[in-house]
């Protein structure tokens with residue numbers, strides 16, 4: 001638990017007696033803040049073999065930190081004799097025994113961990129669903145919401161507007177009239 005109980009349960013923080021009665025683990029002082037130390041309770045009977053990424057006894061398959069703090073499985077009657085045999089020379093172990101030792105310590109091999117898992121199919125289906133919904137929404141808006149295109153966007157209207165400007169601005173030295181030949185009734189070259 002990374003948050004203190006006073007943050008999670010503010011009403012209980014008021015009464016120190018109730019707060020201490022609910023508290024199940026001892027507080028461990030680490031640096032400038034207080035954390036709750038769970039120790040072997042979180043390990044669930046598995047052997048702690050290292051420090052781990054964050055210093056807590058957890059098991060995670062990670063590519064950047066290969067060695068978890070716990071073994072993957074709890075030692076049972078199958079693996080106990082192998083653990084004793086493991087302490088001597090490894091040349092005495094068979095390949096099957098080595099694989100069994102590995103499987104009790106780690107969940108996956110590196111090849112299994114890096115193997116593709118098909119998760120891309122879910123991501124692709126979500127992307128295509130969002131794209132299809134966005135397309136449907138745009139078509140819906142264009143068909144039912146937005147008004148028709150105004151007639152000022154038509155080419156005929158634009159040509160008529162240019163002709164009006166030529167007639168009204170005849171003789172001016174700026175604008176479209178500058179590029180129009182009124183005597184030959186065409187654009188200047």
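At a glance:
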| read-out | value |
| --- | --- |
| Residue 126 paired with residue 162, simple spin-label distance in nm, labels 7 Å along Cα-to-beta-carbon | 5.2 |
| Stretch gain in nm, segment residue 82-residue 96, where the contour uses 0.36 nm per residue and the Cα spacing is subtracted | 3.9 nm |
| Neighbour-count order for 79, 123, 48, fewest beta carbons within 10 angstrom listed first | 123, 48, 79 |
| Separation of the residue 89 and residue 148 label points, Cα + 7 Å toward Cβ, nm | 9.6 |
| Net lengthening on full extension, residue 54/residue 140 (0.36 nm per residue, minus Cα-Cα) | 25.8 nm |
| Cα→Cβ-extended label distance, 7 Å offset, between residue 169 and residue 187, nm | 1.4 |
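Bear in mind that the values in this text are calculations on the coordinates, not laboratory data. Since the model is a prediction, treat every value here as computed from it, not as a measurement. As a convention, Cβ positions derive from the backbone with ideal geometry for all residues, glycine included, and neighbour counts pool all protein chains shown.
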